[in-house]
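Novice: The structure follows.
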Amino acid sequence: MSTTFDVPTELNNQQNEFVSELSRKNGKIRLGVNEVTKAIERDQAKLVIIAKDVSPPELTMHIPLLCKEKKIPYTFAASRKELGEKAGIHVGTAAIAITDAGEMTSQLEHIVKNIQELSK
């Protein structure tokens, strides 16, 4: 069973828009592999997004496995740069975890539903 999958353009655009808007509002986002790993292990993560262009890939290889173990939905972004920009920082990031969607919970649930259908 593969831990990676291709994210359709439409879903990628939805998740980018969601993260961008969430970073401007009152949502809580954890940035970086270490923070994301902690959020997953503590059952705080609602959604995890991993950059596909991380080098070496071993840096993020454990994240999908942890997510599956904890039943936390995860998806992929095209690049670290794109993920960092959408999260509201000026540098790239290998992964982010959304720990609280605030008033955007319904949008988060919609994206999670799409991801779950895709990863089946």
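The values are calculated or read from the model by the stated rules, or taken from the named source; none is laboratory data. Just so you know, these numbers come straight off a predicted model, no measurement behind them. Counting neighbours? That spans all protein chains shown, and the Cβs are built from the backbone with ideal geometry, glycine included. Side chains are part of the model used for accessible areas, which takes the heavy atoms of the whole protein and leaves out ligands, DNA and RNA. Shrake-Rupley method; radii C 1.70, N 1.55, O 1.52, S 1.80 Å.
Novice: So how far apart, in nm, are the two label points at Lys81 and Lys38 if each is 7 Å from Cα heading toward Cβ?
Specialist: 2.9 nm
Novice: Take the Cβ-Cβ distance between Val91 and Glu117 as r, set R0 to 41 Å, and report the resulting FRET efficiency rounded to the nearest 0.05.
Specialist: It comes to 0.80.
Novice: Determine the percent antiparallel among the DSSP beta bridges restricted to the chain, to the nearest 5. Kindly include the intermediate steps, with their values, before the conclusion.
Specialist: Values: 8 of 12 bridges.
Bridges in the chain are about 65 percent antiparallel.
Novice: Moving on. Once you place label points 7 Å from the Cα toward the Cβ at Glu103 and Glu69, how far apart are they in nm?
Specialist: Placing both labels 7 Å beyond Cα along the Cβ direction yields 3.8 nm.
Novice: Which chymotrypsin sites (Phe, Trp or Tyr not before Pro) from segment 1-94 combine a DSSP loop assignment with at most 15 other Cβ atoms within 10 Å?
Specialist: Working: sites: Phe5, Phe18, Tyr74, Phe76; in loops: Phe5.
Sites meeting the loop and neighbour criteria: Phe5.
Novice: Separate question: To the nearest 20 Debye, how big is the dipole of segment 19-75 about its Cα centre, given +1 on the beta carbon of each Lys and Arg and -1 on that of each Asp and Glu? Can you show the working numbers first?
Specialist: Working: 11 positive and 7 negative charges, 62 e Å.
Dipole magnitude for segment 19-75 comes out near 300 debye.
Novice: Whole-Hz ³J(HN,Hα) for each residue in segment 41-49, computed from phi via Karplus 6.51 cos²θ - 1.76 cosθ + 1.60 with θ = phi - 60°, x for glycine and proline: what do you get?
Specialist: Result, ordered by residue: 4, 8, 6, 9, 6, 9, 7, 10, 10 Hz.
Novice: Also, I was wondering about something else. Compute the Rg to Rh ratio over the chain from the alpha carbon atoms, using the Kirkwood formula for Rh, and round to two decimal places.
Specialist: In the chain, Rg relative to Rh is 0.91.
Novice: What does the helix-only formula give at 222 nm for the chain: each DSSP H stretch with n ≥ 4 adding -39500 (n - 2.57), the total divided by the residues, and the result rounded to the nearest 500 deg cm²/dmol? Let's see the in-between values first.
Specialist: Numbers: 5 runs with 55 residues, N = 120.
Result for the chain, helices only: -14000 deg cm²/dmol.
Novice: Further, regarding this structure: At 1.4 Å probe radius, can you tell me the per residue accessible area of the chain in Å²?
Specialist: Values: 6700 Å² over 120 residues.
Using a 1.4 Å probe on heavy atoms only, each residue of the chain averages 56 Å².
Novice: Please give the charge dipole size of the chain, origin at the Cα centre, charges +1 on K and R Cβ atoms and -1 on D and E Cβ atoms. Round to the nearest 20 debye. All intermediate terms of the calculation are to be shown ahead of the outcome.
Specialist: On the way: 16 positive and 16 negative charges, 49 e Å.
Dipole size: approximately 240 debye.
Novice: Using Cα positions and a limit of under 18 Å, work out the lysines in reach of Lys71, with same-chain residues fewer than 8 apart set aside.
Specialist: Leaving aside lysines fewer than 8 places away in the same chain, those within reach of Lys71 are Lys38, Lys46, Lys113, Lys120.
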